[in-house]
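So the structure is just underneath, and the comments pick up after that.
Only the coordinates and a few stated rules stand behind these numbers; no lab work does. All figures in this text were calculated on a predicted structure; none of them were measured in a lab. We place every Cβ from the backbone using ideal geometry, glycine too, and count neighbours over all the protein chains shown.
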Amino acid sequence: MTIFIDPPAWPAHGTLFSHVISDDSLHELHAFASNAGISERAYDRDHYDVPAHRFEDLVQLGAVPVSGHELARILAASGLRIKARERPEKLRGGLFRRWQKLGGHTDSDAMRDAWAGVGHDLLARWSEPHRHYHALPHLSSVLRASRLLERSGELPGSEHRLVELAAWFHDAVYAGRAGKDEEDSAHLALWKLGGLLPEVEVAEVARLVRLTATHSPQEGDLTGAVLTDADLEVLGRPRAEYVRYVAQVRSDYAHVSDNDFARGRAAVLRTLLKAPRLFHTRSGSLLWEAAARRNVEAELNEFERAE
């Protein structure tokens with residue numbers, strides 16, 4: 001793992017700024033920034049912005065100077081780069097419009113206002129500053145993957161709306177507490193959707209949210225299979241994107257020591273590999289199963305080599 005810095009060339013606030021990145025780990029990037037006294041406010045999703053007067057001392061602390069072009073290449077190759085379309089300011093408007101479409105059934109101004117209020121609350125929850133992976137890009141990805149599975153014939157279009165609603169709520173409460181977060185998110189769905197949807201639909205959304213704790217839908221549970229497959233789609237992404245996912249998960253657990261994180265994460269990976277299948281829809285299995293197992297095995301091997 002190496003920390004890189006480009007020359008101060010980006011004007012703002014009456015000075016020039018450099019970018020500081022890691023080629024491997026957001027966790028290590030944050031550790032470097034903390035040790036160097038760089039404010040958390042300087043972090044911008046995949047890099048830190050630092051003023052020109054810090055350039056020399058950051059190089060002395062170990063940051064390797066490279067050109068701006070080379071730094072951009074390194075960040076892209078690392079898999080840690082956040083693309084413009086994935087940034088919260090780009091995602092938020094589109095996601096809210098998507099939420100509003102889900103409430104197209106509402107037939108009064110009061111109901112429409114209440115529906116919009118729930119959407120704003122959910123977006124605020126998904127935008128909480130302690131979130132790195134479990135944030136707006138993940139919500140967007142789950143919605144996109146579930147739509148792909150629905151269009152592939154895994155679920156009647158009429159049933160997809162409940163999957164989308166469950167996607168919105170499935171990590172709405174996120175404090176890094178496995179099982180409890182999902183249960184609290186299900187309770188949030190019951191509270192927020194009560195009175196806006198029929199009770200049977202609200203109950204189904206809560207049931208689906210709870211399924212994301214285990215990702216083990218029963219045979220024939222089409223909505224459950226689509227939601228849980230969409231939630232795990234990240235496991236089957238190209239290697240660079242998977243590496244970025246792992247780095248973001250580590251940042252979500254920044255409060256956990258390296259040893260404790262390695263032990264817990266390795267246990268999760270072993271559980272995944274023991275499962276007879278990671279994806280429960282035919283399309284999900286064809287699209288992501290093989291790559292997911294390669295990614296998970298490679299990550300587990302790194303932990304085992306470090307033991």
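Structure notes:
- For the chain, modelled as a GNM whose springs connect Cα atoms under 10 angstrom apart, the maximal fluctuation among VAL202, VAL249, VAL66 occurs at VAL66.
- Options [x] 59, 51, 41; [y] 94, 62, 44; [z] 62, 49, 32 - which one matches Cα extents along the principal axes in Å as calculated here: [z]
- Among the GluC sites (Glu not before Pro) in the stretch 212-244, those located in a DSSP loop and surrounded by at most 14 other Cβ atoms within 10 Å of their own Cβ are GLU219.
- For the stretch 154-232, trypsin sites (Lys or Arg not before Pro) are listed when DSSP marks them as loop and at most 16 other Cβ atoms sit within 10 Å of their Cβ; the list is ARG177.
- Among ILE38, ILE3, the order by Cβ neighbours within 10 angstrom, fewest to most, reads ILE38, ILE3.
- With a Förster radius of 41 Å applied to the C-beta separation of LEU61 and ASP121, the computed FRET efficiency comes to 0.50.
- Sorted by Cβ neighbour density within 10 Å, fewest at the top, the residues ASP57, ASP221: ASP57, ASP221
- Sequence-separation-based contact order of the stretch 3-81, relative, with Cα cut under 8 Å and 6+ spacing, percent: 42
- In plain terms, the chain from LYS101 to ARG263 could stretch by 54.1 nm, reckoned as 0.36 nm per residue minus the Cα-Cα distance.
- Estimated [θ] at 222 nm from DSSP helical runs (n ≥ 4, -39500 (n - 2.57)) normalised by residues in the chain, nearest 500: -17500 deg cm²/dmol
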